[in-house]
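The values are calculated or read from the model by the stated rules, or taken from the named source; none is laboratory data. Please read all numbers here as calculations on a predicted model, not as lab measurements. A quick note on method: Cβ atoms are made from the backbone with ideal geometry, for glycine too, and the neighbour counts reach across all protein chains shown.
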Amino acid sequence: MAAVKALIFDFDGLIVDTETSIYIAWKELYTSQGQTLSLSDYIRCVGSTFSEYDPMKVLEERCEHEIDWEPLILTKDSRIKELHEGLGPLGGVEELLASAQDHGVPCAVASSSEDHWVEPWLEKIGLRGAFDCIRTRSANLPPKPAPDLFLAAADGLGVAPGEALVFEDSANGLRAALVAGIRCWMVPNPITEQSDFSGADRILGSLTEVNLPELVAAQ
C-alpha cells in the first residue's frame, strides 16, 4: 500500500457516537404513533441525509394522514440532547489525531451533516484544532454516497485522492469513498455493524488499531 499523506474522518458515529442516540429518539417517535422503525430501514439514511430514506415521509405513509410534526420533533430533539449529554470521542480518536500531528499528517473531517452540527461538537470535545479543514454539506456539497465531500477534503488538505485514507462507519460513507478513489477503513458502531462493507480496505474494531507510523512509512 502506498504511503498515506493525509487522513479524512467522517464525524457522526466515527468521532462521536451520535448516531445511536438519534436512532433511539426516532424509534421512540415512531412508537408514540403506534409504529415501529426498524434499524434495517433507518440504516439507509445513516451517513447521508433523508434523501436516502425519509422517516417523516414513511411515517405519514404508514399512518395514512398528515402529522403535526412540530411537537414530535421538539420531543425528539430534546431526547437526542438528553442522550448526547456526556458523550466524548470514541476509542482511539484522540490518540490517532495526536499521532497524526506528531508525524505531520494533515487531517480533515468530511461529513454529510452541516457546519452548525459538526463545528460545535468538535469544539465541545476539544478536537477542532486537530483538523486542518472541515467539509460539510453546508458548502453546497451533495451528501454521501456522492464522493464530493471526500474529494473536497482531499483538495483542502492538498493531496490527491490516492494519497489519503478515509475512516468511516457507514455504508453510505464507504460508497462515497469508493467513488472518490480514496482508500477506506471502516470502524462500525452499534448502528452500522450489520451493514455491507464490501469494498472496504479494512474493517477495524476501533481506531486504536491504526498504526500511523507504519502507514506513513509504507512504500
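List of remarks:
- Of the numbered criteria (1) within 23 Å of residue 24 (Cα to Cα); (2) out of contact with any helix residue (DSSP H, G or I) (no Cβ under 9 Å at 6 or more places or on another chain); (3) loosely packed, with under 15 Cβ neighbours inside 10 Å, the one residue 114 fails is (2).
- Within the range 90-123, the only residue that satisfies the criterion of being within 17 Å of residue 3 (Cα to Cα) and among the charged types (D, E, K, R) is 102.
- Residue 104 vs. criteria surrounded by fewer than 20 Cβ atoms within 10 Å (Cβ to Cβ), in contact with a Pro (Cβ under 8 Å, 6 or more places away or on another chain) and modelled with pLDDT of 95 or more: no
- Looking across the range 188-213, just one residue is closer than 19 Å to residue 107 by Cα and either in the same structural domain as residue 37 (by TED's automatic domain parsing) or among the small types (Gly, Ala, Ser) (or both), and that is 206.
- Considering the range 108-147, the residues that are of a type in the set (Asp, Glu) and not in a loop (DSSP other than H, G, I, E, B) include one that is farthest from residue 89 (Cα to Cα), namely 115.
- Residue that is buried (at least 19 other Cβ atoms within 10 Å of the Cβ), in a loop (DSSP other than H, G, I, E, B), at negative phi and at pLDDT 95 or above, where the choices are 29, 7, 14: 14
- Enumeration of residues in the range 180-200 that are among the small types (Gly, Ala, Ser) and part of a loop (DSSP other than H, G, I, E, B): 181, 195, 198, 199, 200
- Residue satisfying all of: in the range 201-211; in contact with a strand residue (DSSP E or B) (Cβ under 8 Å, 6 or more places away or on another chain) and not in a loop (DSSP other than H, G, I, E, B); nearest to residue 94 (Cα to Cα) among these: 207
- Restricting 146, 153, 98, 110 to those that are among the aliphatic types (A, V, I, L, M), more than 19 Å from residue 180 (Cβ to Cβ) and modelled with pLDDT of 95 or more reduces the list to 98.
To keep it simple, each residue is scored yes or no on (1) under 28 Å from residue 176 (Cβ atoms); (2) modelled with pLDDT of 95 or more; (3) surrounded by 11 or more Cβ atoms within 10 Å (Cβ to Cβ).
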position	(1), (2), (3)
45	yes, no, yes
52	yes, no, yes
59	yes, yes, yes
62	no, no, yes
66	no, no, no
69	no, yes, yes
74	no, yes, no
89	yes, yes, yes
94	yes, yes, yes
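- Selection count, the range 116-169, where residues are acidic (Asp, Glu), farther than 17 Å from residue 18 by Cα and touching a residue at least 40 places away in the same chain (Cβ under 8 Å): 1
- Candidates 159, 179 - the one that is assigned by TED's automatic domain parsing to the domain that holds residue 145, of a type in the set (Val, Ile, Thr), over 10 Å from the mean Cα position of the chain (by Cα) and under 15 Å from residue 3 (Cα atoms): 159
- Here residue 78 meets each of (1) exposed (fewer than 15 other Cβ atoms within 10 Å of the Cβ); (2) closer than 30 Å to residue 6 by Cβ with one exception, condition (2).
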